[in-house]
Amino acid sequence: MTGRPRPALDDLPAYKPGRSIEEALAEHGITSAVKLASNELPFGPLPSVAGAISSGIERLHLYADTRATSLRSAIAEHHGVDEAHVTVSNGSVTLLQRLALSYVDAGEQIAMCWPSFEAYPMFAALVGAEQVRVPLVDEHFDLESLADAITDRTKLVMITNPNNPTGTTVPTSAIAEFCRRVPTSCLVVLDEAYAEFVTDPEVTAPTPLLEEFDHLVVTRTFSKAHGLAGLRAGYALGHPDVIGMLDRTQVPFAVNELAQRAAVASLGAIDEMQARVDTVVSERTRVAAALAERGWQLPDAQANFIWLPVGVRSAELGAHLESTGVITRVFTGVGIRITIGDTAMNDRLLAALDGVDPAS
């Protein structure tokens, strides 16, 4: 082997992106397909956001503002917090990685409910941390058991709200009670990548929690509701001491010029963004109701996807759907996550499930 890679990389799982349309077409010999695997919005950028991107083209020979000052300011104003409570990065997933790099040493623990976001085990392995996994109960986080699992070696605990891949939520009041049980030596990371799609009235804005708990960090992204997945921009809200530590592990110029411009413009067009989110939520409601009428058992969807907890049938059902031109995200032996697309894409999904026995 060339070089001497760190032993931690021996057990580092690789992230598996959703299969592409081209792969599905080639494998199944079909002529068309829709991708409902990666939780992307079925829309392009908002007009004002597209304008902000194009107007920045002439500056691409220059480095972007490494602190993304304008973007931090816009995020702070949006959430009603001081700029010292905000940091940014190229996607919220990078902030999750930086939290592990900043706070967890080899042999310490990262706790999580499971199944949840696939990147958490990657970051635990990267820093040589022990993973503490608490099973979901009826597709929901079990915060009581998660709190019971925390030890003096636990440095990060992950709460994904809504959870990925199940789409379920926990009430904000339960998160507050959880934070009260967690020692301040352990950071509580509230991963809210899909927060804008939540309609559950028991899930509210995180700002009051941040005012009460210095050991809470909230991460959000512009990839989902804002529809900027291809540009990579995300942010964290937290105590200034935590934000300062995260800034130390930021690579220079992480958020590129176009991403900064697009994110600022999108925050300036919240009403337009919300209208698109409302369209997705309406389609989510329609698809979930149609599946329930067909006999499918699925948890209450609160993100821009639905979850079929089909267990051992997941691989077979996922292959069937793909053979009909509907690409989903299969979690082998657990279930299938299906992104909400536009009306035509969703109708194709429902047609592909016609004739499939939910109970078999």
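Read-outs throughout are calculated quantities, based only on the coordinates presented, and are distinct from any laboratory measurement. Source: prediction; values computed, not measured. Backbone-built Cβ (ideal geometry, glycine too); neighbour counts: all protein chains shown.
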Note to self: To the nearest 20 Debye, how big is the dipole of the range 47-269 about its Cα centre, given +1 on the beta carbon of each Lys and Arg and -1 on that of each Asp and Glu?
What the structure shows: 760
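Give me the net charge for the shell around residue 29: Cβ to Cβ below 14 angstrom, other residues only, Lys and Arg +1, Asp and Glu -1.
Numbers: positive: none; negative: 22, 23, 27, 322.
Overall, the nearby charge balance is -4.
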Next item on the list: Determine the relative contact order of the chain: mean sequence separation of Cα pairs under 8 Å and six or more apart, normalised by residue count, in whole percent.
Entry: 24
Next item on the list: Describe numerically, in nm with one decimal, the distance between label points set 7 Å from Cα along Cα→Cβ at residue 315 and at residue 207.
Entry: 4.9
Check: Can you put 120, 15 in order, fewest other beta carbons within 10 Å first?
Finding: 15, 120
Item checked: Residue of 338, 110, 30 that the Gaussian network model of the chain assigns the largest fluctuation, springs spanning Cα pairs under 10 Å -> 30
Item checked: Residue order, fewest to most beta carbons within 10 Å, for 16, 35 -> 16, 35
Item checked: Neighbourhood charge, 14 Å Cβ-Cβ cut-off, centred on residue 281 and excluding it, Lys, Arg +1 and Asp, Glu -1 -> -2
Check: Of 125, 34, 9, which is farthest along the charge dipole of the chain in the positive direction, counting Lys and Arg as +1 and Asp and Glu as -1 at C-beta?
Finding: 9
Check: What is the local net charge at residue 261, summed over the other residues whose Cβ is closer than 11 Å to its Cβ (Lys, Arg +1; Asp, Glu -1)?
Finding: -1
Item checked: Modelled label reach - residue 253, point 7 Å along Cα→Cβ, the range 59-76 residues with backbone N closer than 18 Å -> 59-71
Margin query: Taking the Cα centroid of the range 25-41 and of the range 312-358, what is the distance between the two, rounded to the nearest whole Å?
Written below: 11
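Where does the chain land at 222 nm, in deg cm²/dmol rounded to the nearest 500, when only DSSP H runs of n ≥ 4 count, each adding -39500 (n - 2.57), divided by all residues? Walk me through the numbers before you get to the answer.
Numbers: 13 runs with 134 residues, N = 360.
So the helix-based figure for the chain works out to -11000 deg cm²/dmol.
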Margin query: Given points 7 Å out from each Cα along the Cα-Cβ axis, report the residue 21 to residue 60 separation in nanometres with one decimal.
Written below: 2.3
Notebook entry, point to check: Say R0 is 22 Å: what FRET efficiency, to the nearest 0.05, do residue 105 and residue 151 get from their beta-carbon distance?
Noted result: 0.95
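How high is the relative contact order of the range 192-276? Use alpha-carbon pairs under 8 Å, at least six apart in sequence, and give a whole percent.
25
Take every DSSP beta bridge whose two residues both sit in the range 47-269, then give the antiparallel share in percent to the nearest 5. Write down the numbers at each step before the final one.
Numbers: 9 of 28 bridges.
Bridges in the range 47-269 that DSSP calls antiparallel: roughly 30 percent.
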Notebook entry, point to check: What ranking of 339, 151 emerges when the number of other C-beta atoms within 10 Å of each C-beta is taken as an exposure proxy, fewest first?
Noted result: 151, 339
Next item on the list: Could you list which residues have their amide H under 5 Å from that of residue 329, counting only those 5 or more apart in sequence or on another chain, with H placed in the peptide plane?
Entry: 337, 339
